[in-house]
Amino acid sequence: MLLKVYPVSLVTIRLAKPGLLNGVKTRFYAWDNGNPPKGLNGLHPLAEVISPRIDFTWFEKPHEKITSEKFIAEFKGFIKIDVPGVYRFYVVSDNGVIFSVGDKTLIDTWSSQESRIHSSPEIRLNKGFKRIILLYYNRARHSEVRLGWVKPGGRVEVIPDDRYYFSIGEHVFITGLPDGYVVRMLPLKDVSSEKTCVSLMNICMVEVPWKEQPLEAYVSIYNREGKVFARFSEPLVFFGGDEYIVEYLGGNQH
C-alpha cells in the first residue's frame with residue numbers, strides 16, 4: 001500500500017508478523033457434580049493446546065491434566081471461507097454441544113445423549129474469516145466430537161485442517177512511528193467504535209478483542225501537532241497479535 005502523505009513523504013504500511021496462525025485453540029475444563037455449567041460459568045481452564053482441526057475420538061483422557069470423565073472442551077478460532085454461499089454445519093458428538101459462527105448460535109444440544117449428528121440451519125456466508133466457538137462436554141469415558149459442513153454445491157465433509165485459524169492475542173502493534181504520533185482506526189462495520197493509540201518507544205498498541213476480529217478498518221496517522229501525516233485509502237484487516245510496520249520512502253518522517 002503506497003500513499004502520498006503530508007508534506008512530501010511516501011509511506012508504506014505492511015504486515016511484518018501475522019497474529020493469525022493455522023489451527024484452533026482448544027481449552028479443557030472439568031466440573032464436579034450435577035450437570036455441566038452452560039457457558040463455562042465459574043470454570044477455569046486446566047489445559048490449553050492448539051488442535052489442527054475439530055475431529056476427535058477419545059477412548060481415554062483427552063489431555064494429561066484432564067480425566068476421561070466430566071470434562072468440557074472449548075474450541076475457539078476462525079474458519080476461512082473461500083467460496084461464498086449457503087452453508088450448513090453439523091457436529092457429530094456424544095453428550096452435549098453448542099456451536100456458534102460469529103454471534104449466531106447454530107447448534108445447541110447441551111444434554112447427555114448417545115453419539116449422533118447435530119445439524120445446523122442453513123447460513124449464508126461471504127468470503128473471509130468467520131469466528132467460531134464449539135463447546136463440547138463428555139460425561140463418561142468414551143468421547144467423540146467432530147465438526148463438518150455441507151458446502152455450496154452439496155459437498156459434505158469434515159472441515160479440513162487448512163480451514164482453521166486462531167489469533168495469538170487481542171492487541172495489534174504498529175511500529176516505525178515517532179513517539180507521540182497517533183494512529184486511528186475507523187472500523188467499516190458497527191461492531192466496534194473508533195480505536196486510537198499513541199506511539200511510545202516507536203510502538204503503537206491497539207486493543208482488538210477477539211469478538212471484534214477480524215477487524216476491517218481504515219487507518220489514519222497524525223503527527224504530534226494533530227495534523228494528518230498519512231491516510232490510507234484502502235482498509236486493512238487486523239487480527240490479534242498482528243505486527244505492522246510503517247516504512248518511509250523518501251522525505252522526512254518528522
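The values are calculated or read from the model by the stated rules, or taken from the named source; none is laboratory data. Source: prediction; values computed, not measured. Note that each Cβ is placed from the backbone with ideal geometry, even for glycine, and that neighbours are counted across all protein chains shown. With ligands, DNA and RNA removed, areas are computed over all heavy atoms of the protein, side chains included. Shrake-Rupley method; radii C 1.70, N 1.55, O 1.52, S 1.80 Å.
For the range 198-254, enumerate the residues that are among the charged types (D, E, K, R) and in a strand (DSSP E or B). Lay out the reasoning, then the answer.
As a first pass, look at the range 198-254 and keep what is among the charged types (D, E, K, R): 207, 211-212, 216, 224-225, 227, 231, 234, 242-243, 247.
Across the range 198-254, the qualifying residues are Glu207, Glu216, Arg231, Glu243, Glu247.
Residues checked against (1) within 30 Å of Asn223 (Cα to Cα); (2) surrounded by 15 or more Cβ atoms within 10 Å (Cβ to Cβ); (3) at pLDDT below 95; (4) touching a helix residue (DSSP H, G or I) at 6+ places or on another chain (Cβ under 6 Å):
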position: Lys4; (1), (2), (3), (4): yes, no, yes, no
position: Pro7; (1), (2), (3), (4): yes, no, yes, no
position: Arg14; (1), (2), (3), (4): yes, no, yes, no
position: Gly19; (1), (2), (3), (4): yes, yes, no, no
position: Arg27; (1), (2), (3), (4): no, yes, no, no
position: Pro36; (1), (2), (3), (4): no, yes, yes, no
position: Gly42; (1), (2), (3), (4): no, no, yes, no
position: Ala47; (1), (2), (3), (4): no, yes, no, no
position: Asp55; (1), (2), (3), (4): no, yes, no, no
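Has the range 151-164 got any residue that is touching a strand residue (DSSP E or B) at 6+ places or on another chain (Cβ under 8 Å), modelled with pLDDT of 95 or more, over 14 Å from Asp82 (Cα atoms) and of a type in the set (Lys, Arg)? No; the residues of the range 151-164 include none that is touching a strand residue (DSSP E or B) at 6+ places or on another chain (Cβ under 8 Å), modelled with pLDDT of 95 or more, over 14 Å from Asp82 (Cα atoms) and of a type in the set (Lys, Arg). Checked against (1) in a strand (DSSP E or B); (2) farther than 26 Å from Val49 by Cβ; (3) among the acidic types (Asp, Glu), Glu114 meets all criteria but (1).
Restricting attention to the range 109-130, report how many residues are among the charged types (D, E, K, R) and touching a Phe, Trp or Tyr at 6+ places or on another chain (Cβ under 8 Å). Show your work before the answer.
So in the range 109-130, the residues among the charged types (D, E, K, R) come out as 114, 116, 122, 124, 127, 130.
Cutting the leftovers down to touching a Phe, Trp or Tyr at 6+ places or on another chain (Cβ under 8 Å) gives us 122, 124, 130.
Of the residues in the range 109-130, 3 are among the charged types (D, E, K, R) and touching a Phe, Trp or Tyr at 6+ places or on another chain (Cβ under 8 Å).
Of all residues being open to solvent by less than 70 Å² (accessible area, probe 1.4 Å) and in contact with a helix residue (DSSP H, G or I) (Cβ under 9 Å, 6 or more places away or on another chain) in the range 170-192, which is farthest from Lys76 (Cα to Cα)? Just the residue, please. My answer is Pro187. Return the residue satisfying two criteria in turn: it lies in the range 83-104 and is within 16 Å of the chain's Cα centre (by Cα) and part of a strand (DSSP E or B), and of such residues it is surrounded by the fewest Cβ atoms within 10 Å (Cβ to Cβ). Once the filter is applied, the top-ranked residue is Lys104.
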